[in-house]
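A short worksheet on the structure shown next.
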């Protein structure tokens, strides 16, 4: 509905109400009230707001220094949050973020030999200074498809608290079958996110 | 001179910042895991002792706080003849009441657990009596009902990794008193149990001991047997503390389970002669009330550590007789005593239900 | 300037005190060993050894089968972080963390007190500290690293 039409409708409503309450209601006071109607209407609209959901991809690189031994080894990276790089809509800041769900997670190890049968499971966790650590994806046993591992994502985990901060840490725990003398190990991680924000 | 001073301060700063850099090192980046090195590690200190855990796998969660409601379907009570009163029968339309309990670990460590708790049970009797019925017992039950207010202390002391002692003591105030006027502490009833047990592994816990108990309605000294067992799959198990209770347990999943079995609950209740209807020697009476409840109990997590419990079953009145207990000084009859009852009563056996919300410690 | 240097010195000492928590520890039941490490500014403990690593039913390495989130139930227990988010809060105390019990999938609030260099009081509780239980963990001596 056109804003002007809506304000005129509200105007009629208020006028009718005040006249019914007090037939001798001053014309002057009614005029004053009418002056604030457009502002009142905009305030109401702003309070309600609209919610938008969009998807985004984030690519990160986790790494760790070797040597690596049989068992769980942790690769980590710090991610500096810049919502403007993730959300297409301009002007969205952290306070408007309602929910961030993980819809997909994949990783590619930079060591093809290790990737092919050298790791049995992987767990992905997220943590920041202000927010507790949360597991967001896992795969056990792992299956290499087209050079990448796809993890099962937690549908319940909401990552919005981490995206509201300046930085968070991603921890990829990989379970090695045997020792590896790599000087370092890294993995590129792709996260498919679904972000919901209030405009 | 000034430059020298600045240089000396800067060199001190470098020394300390180096230490800070070391102190803030993120250890996960440097040390990686080799599982095999953890197999045969020694303790940094000598002589560390392990102790038998109070639980085994799969047990139903312990209730820290419980708020519940108990209900019994209609049945008949026959109050026996005594003094100048004739035998009378009344229909109990409803026996119901609130049950509140708390059991808080005040000390909870691996070598000692001390729990203090209390409970309040209320039994209200809604009677349908014949016109002109005057029996004092029926008067008391109908007007005042029965209340239990109890305190208890439990001590679990593991002696080593496989054996333990379990000691419990209770003090109960039972009677037809009202909440605005408690009865004298002289009428408190005290019970206790002591048990020695073994916990050979995570799936079995057993013990034997002795108890002084009022569960059968009157004072008795009986042996107790503890037997908690869980199958390797975790699905089936038993939770037995004979003769107080015994259940078979089926765990549906991590958040719900079903128990099937029985519980013997009872105590000795002072009939307080509220309206001075009774003259000596019948003005100091105690109702020896004991119920054997056969039931199915479904327990389920609601959210977090809040669980609900629903019981449905069949209540058998094991004892409902009355003794004269002058000045509250109880006596011991046991299984073989022949002291006569002041009043011999009987009660029917109805279905019952119990619902509670509990704060648990799994 | 001197004040700044002293401030940095005390910071280093405090940090070293906080890092005493790191190491390998054994809970009183002896069925697991937990290694406490640091990620960022917080401390985490993961299971590095299990007395019974194989699940009796599945005959495979144990996983987190009681996790409330179904999607995370295949997470291996060996390597699982059961202690999370501890912050050094006071003399010999680390708080604001949680402890996870894989036996039943419950997470408890937790506070860690170091009673001596080789002993921890790990208190897990529900809501308030009164409804909780303290377990004593002992430090294990780590052998020097050997390359195969």
Open item on the list: Report the gain in length on full extension from residue B:112 to residue B:221: 0.36 nm times residue separation, minus Cα-Cα distance, nm rounded to one decimal.
Closed with: 36.6 nm
- [ ] Normalising by the residue count of the range C:44-97, find the relative contact order in percent from Cα pairs under 8 Å and 6+ residues apart.
- [x] 37
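Averaging sequence separations of C-alpha pairs under 8 Å and six or more residues apart, then dividing by the length of chain C, give the relative contact order as a whole percent.
On the way: 272 pairs, mean separation 26.5, N = 148.
Relative contact order of chain C: 18 percent.
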Task: Principal-axis tilt of helix B:2-23 within chain B, Cα atoms, nearest 10 degrees - done: 50
TODO: Per residue of B:243-252, count partner chain C-beta atoms within 10 Å of its C-beta, then hand back the mean as an integer.
DONE: 0
Task: Percentage relative contact order, the range A:52-198, counting C-alpha pairs under 8 Å, at least six apart - done: 48
- [ ] Along Cα→Cβ, 7 Å out, is where each label goes; now give me the distance between the ones at residue A:60 and residue C:129 in nm to one decimal.
- [x] 3.4
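How shielded is C:40-50 by partner chains, expressed as the average number of their Cβ atoms within 10 Å of its Cβ atoms? Before the final figure, lay out the partial values.
On the way: counts 13, 3, 6, 1, 6, 0, 5, 2, 8, 8, 2.
The shielding value for this peptide is 5.
Based on alpha-carbon atoms only, what is the radius of gyration of the protein assembly as shown relative to the globular estimate 2.2 N^0.38 Å? Provide the component values of the computation, followed by the final result.
Numbers: Rg = 34.3 Å, N = 709, 2.2 N^0.38 = 26.6 Å.
Taking the Cα Rg and dividing by 2.2 N^0.38 Å, one obtains 1.29.
Can you tell me the order of B:328-335, C:23-30 when each peptide is scored by its average per-residue count of other Cβ atoms within 10 angstrom, highest first?
By packing density, highest mean first, the sequence is C:23-30, B:328-335.
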Open item on the list: Between the range C:29-50 and the range B:131-170, how far is it from one alpha carbon centroid to the other, in angstrom?
Closed with: 44
Task: Interatomic Cα distance distribution for the range A:119-199, bins of 5 angstrom, percent - done: 3, 12, 21, 23, 17, 12, 7, 3, 1, 0, 0
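Which whole number of Å³ per residue matches the convex hull of the alpha-carbon atoms in the range B:119-216? Mind dumping the intermediate values first?
On the way: hull volume 14.4 nm³, N = 98.
Convex hull volume per residue, Cα atoms: 147 Å³.
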Task: At R0 = 56 Å, FRET efficiency that the Cβ-Cβ distance of residue C:55 and residue A:81 yields, to 0.05 - done: 0.90
- [ ] Tell me the label-point distance for the pair residue A:183, residue C:104, using the 7 Å Cα-to-Cβ offset, in nm and rounded to one decimal.
- [x] 5.1
Open item on the list: Taking just the alpha carbons, could you work out the radius of gyration and Dmax for the range A:52-198, both in angstroms?
Closed with: 15.7, 49
Open item on the list: Order B:257-265, B:106-114, C:72-80 from most to least packed using the mean count of other Cβ atoms within 10 Å.
Closed with: C:72-80, B:257-265, B:106-114
TODO: Subtracting the Cα-Cα distance from 0.36 nm times the residue separation, let me have the gained length for residue B:306 to residue B:71 in nm, one decimal.
DONE: 82.4 nm
Open item on the list: Can you compute the FRET efficiency between residue C:90 and residue B:155 using 1/(1 + (r/R0)^6), with r the Cβ-Cβ distance and R0 = 22 Å? Round to the nearest 0.05.
Closed with: 0.10
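Rounded to the nearest 500, what is the 222 nm mean residue ellipticity of the protein assembly as shown from helices alone, with -39500 (n - 2.57) per DSSP H run of 4+ residues and division by all residues?
-4500 deg cm²/dmol
Can you give the average number of partner chain beta-carbon atoms within 10 Å of each beta-carbon in peptide A:67-80, as a whole number? Walk me through the numbers on the way to the answer.
Working: counts 5, 3, 10, 7, 12, 12, 6, 11, 2, 5, 0, 1, 0, 0.
Mean shielding by partner chains, rounded to a whole number: 5.
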Open item on the list: Taking the Kirkwood radius as the inverse of the mean 1/r across Cα pairs, report the Rg/Rh of the range B:150-265.
Closed with: 1.06
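Hey, what's the Kirkwood Rh for the range C:34-139 if you take every pair of different alpha carbons, in angstrom? Don't skip to the end; give the middle numbers.
Values: mean 1/r = 0.0684 Å⁻¹.
Taking every pair of different Cα atoms in the range C:34-139, averaging 1/r and inverting gives 14.6 Å.
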Open item on the list: Just to confirm the number: angle between the C-alpha axis of helix C:2-18 and the first principal axis of chain C, 0 to 90 degrees, nearest 10?
Closed with: 20
Task: Distance between modelled label sites at residue A:131 and residue A:89, nm, 7 Å Cα→Cβ extension - done: 1.9
Task: Gain on full stretching of the segment that runs from residue B:100 to residue B:210 - 0.36 nm per residue minus C-alpha separation - done: 36.9 nm
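Using the Kirkwood formula over every pair of different C-alpha atoms, what hydrodynamic radius in Å results for chain B? Mind dumping the intermediate values first?
On the way: mean 1/r = 0.0415 Å⁻¹.
The Cα-based Kirkwood calculation yields 24.1 Å.
What FRET efficiency would be calculated for the residue pair residue B:126, residue B:346, taking the C-beta separation as r and a Förster radius of 22 Å, to the nearest 0.05? Could you put the intermediate results ahead of the total?
Values: r = 19 Å, r/R0 = 0.86.
Efficiency, from the Cβ-Cβ distance: 0.70.
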- [ ] Kindly rank C:53-60, B:344-351 from highest to lowest mean number of other beta carbons found within 10 Å of each residue.
- [x] B:344-351, C:53-60
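Every number here is computed from the coordinates shown, using simple stated rules; none is lab data. Small disclaimer: the values here were computed from a predicted structure and weren't measured. Heads up, the Cβs are rebuilt from the backbone with ideal geometry, glycines too, and the neighbour counts pull from every protein chain shown.
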